[in-house]
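Before any comments, here is the structure.
The values are calculated or read from the model by the stated rules, or taken from the named source; none is laboratory data. This one's a predicted model, so the numbers in the text were calculated from it and none came from an experiment. Here Cβ is always computed from backbone atoms with ideal geometry, including for glycine, and neighbour counts include all displayed protein chains. Please note that ligands, DNA and RNA were not included when accessible areas were found on the heavy atoms of the full protein model with its side chains. Shrake-Rupley method; radii C 1.70, N 1.55, O 1.52, S 1.80 Å.
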Amino acid sequence: MNVATHKPELTATTLWIMTLTTGFVVANLYYNQPLLDDMARTFKVSSGEVGQVSMLTQVGYALGMFFVVPLADMVKRKRLMIIDFAFVVAALLLTATASSIHVLIGSAFLIGCTSIIPQLLVPMAAHLAKPEERGKKIGFIMSGLLIGILLSRTVSGFVGAHLGWRAMFYIAAGIMLLMWVLIYFLLPEVEPDYKGNYGTLMRSLADLIRNEPKLRLASLRGALCFACFSAFWTTLVFMLKENFNQGSDVAGAFGLAGAAGAIAAGAMGRLSDKVDPYKISTATLLLVIISFVIFWLSAYNMIGLIIGVIIMDAGVQATHISNQAIIFSLNPSARNRINTVYMVSYFVGGALGTFLATRVWGSYHWAGICTIGIVLSSFATIIHLMTRKTMQRTV
């Protein structure tokens, strides 16, 4: 193994740059969700067809993570990010200028493929952090990521309502250029540990899946939770239009309520350094189930929906942090590949949730979405409880 002679420190400045970049880049994946109804009207297509924009963004993200993120174990990470930023900007500009629904769907896929920089930064932070502070530092960056996910909907809903949906993607391209400057001038470089070629690197992913049962369990649990999360957020704008006659700005404003999940993420990061992750996950999974019961009972109650969003986001994001505390303790030299397995599973789950939601909405509307959330989150909880002994052996 090639060990770097000098390991950069995770300074406060570096941590903040990582957190800001993570939040702004991951936001690219979610700008479209409150804007789907506006996009459907622009191109005169159904909710099911325009739902492919959101679904293929997540599929693209999963593929980008699968093929690109493992490279961070064998090439310089900062250099990889600098190159990737150029493709992110190009994908956002293509979306802003899309002339048809087919171009829009394709450019959404490219946004997903290229916006993988957060999944390079989180393992990098785990690598640079002191072992006794790893959960805390990851939790801090994840707070930025979660705020980016949730407030992206608020911002895009507002911009879409006042400037049109295309303006959001022009603005996002400008933000990416600013993030490129920060990364280029202020982020330290980290030398790779892996010695080998790309083929053996990719084959090693299968070895990790086979040899790490805790990684398999965390990946399945994360995928099911994110499927619930995506099913809700993808169809929220349709439900608000149908039940409350509200548009993208109100759908986006729900991201403010969901930002409570970011607070939970930071708390879970600190707790994961001290408390058994199994116990944390048991409680957070139950929160997800409870939230969808509340959604079902609150189809025409805005206050109930807001309460449900706070509980759901806290549960999903806290489960995610607990999962990451587990997987990043497994094999230090393979953290990017471990993160790849977990996050690809996570976003495949998200794409599945979006797909199910857009198909179910036409026939069963909000009750169908709530059923998806209750069934999938209950399944995740059952699997979690059935694997108690394995999870409690996690250090």
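If the condition is being without any contact (Cβ under 8 Å) to a residue 60 or more places away in the chain, β-branched (Val, Ile, Thr) and within 19 Å of Trp180 (Cβ to Cβ), then segment 91-118 contributes Thr114, Ile116.
Contact annotation: residue pairs with Cβ atoms under 9 Å, 6 or more positions apart or on different chains, pairing a residue in segment 69-90 that is closer than 19 Å to Leu178 by Cα and open to solvent by 10 Å² or more (accessible area, probe 1.4 Å) with a partner that is assigned to a helix (DSSP H, G or I) and of a type in the set (Phe, Trp, Tyr), are Lys78/Tyr184; Ile82/Trp180; Ile82/Tyr184; Ala86/Trp180; Val89/Trp180.
Residue-wise test of (1) within 19 Å of Ser47 (Cα to Cα); (2) within 15 Å of the chain's Cα centre (by Cα).
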residue: Pro213; (1), (2): no, no
residue: Ser230; (1), (2): yes, yes
residue: Phe244; (1), (2): yes, no
residue: Gly252; (1), (2): yes, no
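The residue that is nearest to the chain's Cα centre (by Cα), among those in segment 131-188 that are open to solvent by 50 Å² or more (accessible area, probe 1.4 Å) and under 13 Å from Gly255 (Cβ atoms), is Ile147.
Set side by side, the residues Ser298, Ser377, Ser363 differ, and just one is free of Cβ contacts under 8 Å to residues at least 12 places away in the same chain and surrounded by 17 or more Cβ atoms within 10 Å (Cβ to Cβ), which is Ser298. The helices (runs of 4 or more DSSP H) located wholly in segment 119-238 that include 3 or more residues which are among the basic types (Lys, Arg) and either without any contact (Cβ under 8 Å) to a residue 40 or more places away in the chain or closer than 28 Å to Leu15 by Cα (or both) occupy 134-163. Of all residue pairs spaced 6 or more apart or on separate chains, those with beta-carbon atoms under 9 Å, a first member in segment 20-47 that is in contact (Cβ under 8 Å) with a residue 60 or more places away in the chain and a second member that is of a type in the set (Lys, Arg) and surrounded by 23 or more Cβ atoms within 10 Å (Cβ to Cβ) are Ala27/Arg153; Tyr30/Arg153; Tyr31/Arg153; Gln33/Arg153; Pro34/Arg153. Can you find a residue in segment 310-321 that is open to solvent by 10 Å² or more (accessible area, probe 1.4 Å), more than 30 Å from Pro192 (Cα to Cα) and either at pLDDT 95 or above or of a type in the set (Val, Ile, Thr) (or both)? Yes; the residues of segment 310-321 include at least one that is open to solvent by 10 Å² or more (accessible area, probe 1.4 Å), more than 30 Å from Pro192 (Cα to Cα) and either at pLDDT 95 or above or of a type in the set (Val, Ile, Thr) (or both). Looking for something touching a Phe, Trp or Tyr at 6+ places or on another chain (Cβ under 6 Å), of a type in the set (Val, Ile, Thr), under 16 Å from Phe226 (Cα atoms) and at pLDDT 95 or above - is there at least one such residue anywhere in segment 371-390? Yes, that holds for at least one residue.
Could you list all residues from segment 332-345 that are of a type outside the set (A, V, I, L, M, F, W, C) and either open to solvent by 10 Å² or more (accessible area, probe 1.4 Å) or in contact with a strand residue (DSSP E or B) (Cβ under 6 Å, 6 or more places away or on another chain) (or both)?
Of the residues in segment 332-345, the ones of a type outside the set (A, V, I, L, M, F, W, C) are 332-333, 335-337, 339-340, 342, 345.
If the condition is that a residue be of a type outside the set (A, V, I, L, M, F, W, C) and either open to solvent by 10 Å² or more (accessible area, probe 1.4 Å) or in contact with a strand residue (DSSP E or B) (Cβ under 6 Å, 6 or more places away or on another chain) (or both), then Pro332, Ser333, Arg335, Arg337, Ser345 are the ones that fit.
Taking the stated definitions as given, is Ile326 open to solvent by 30 Å² or more (accessible area, probe 1.4 Å) and among the aliphatic types (A, V, I, L, M)? Outline the logic, then answer.
Numbers: open to solvent by 30 Å² or more (accessible area, probe 1.4 Å): no; among the aliphatic types (A, V, I, L, M): yes.
Here the answer is no, as Ile326 does not meet what is asked.
If you go through segment 102-130 and keep only what is under 20 Å from Val53 (Cα atoms) and open to solvent by less than 10 Å² (accessible area, probe 1.4 Å), you end up with Leu104, Ser107, Ala108, Ile111, Gly112, Ser115, Ile116.
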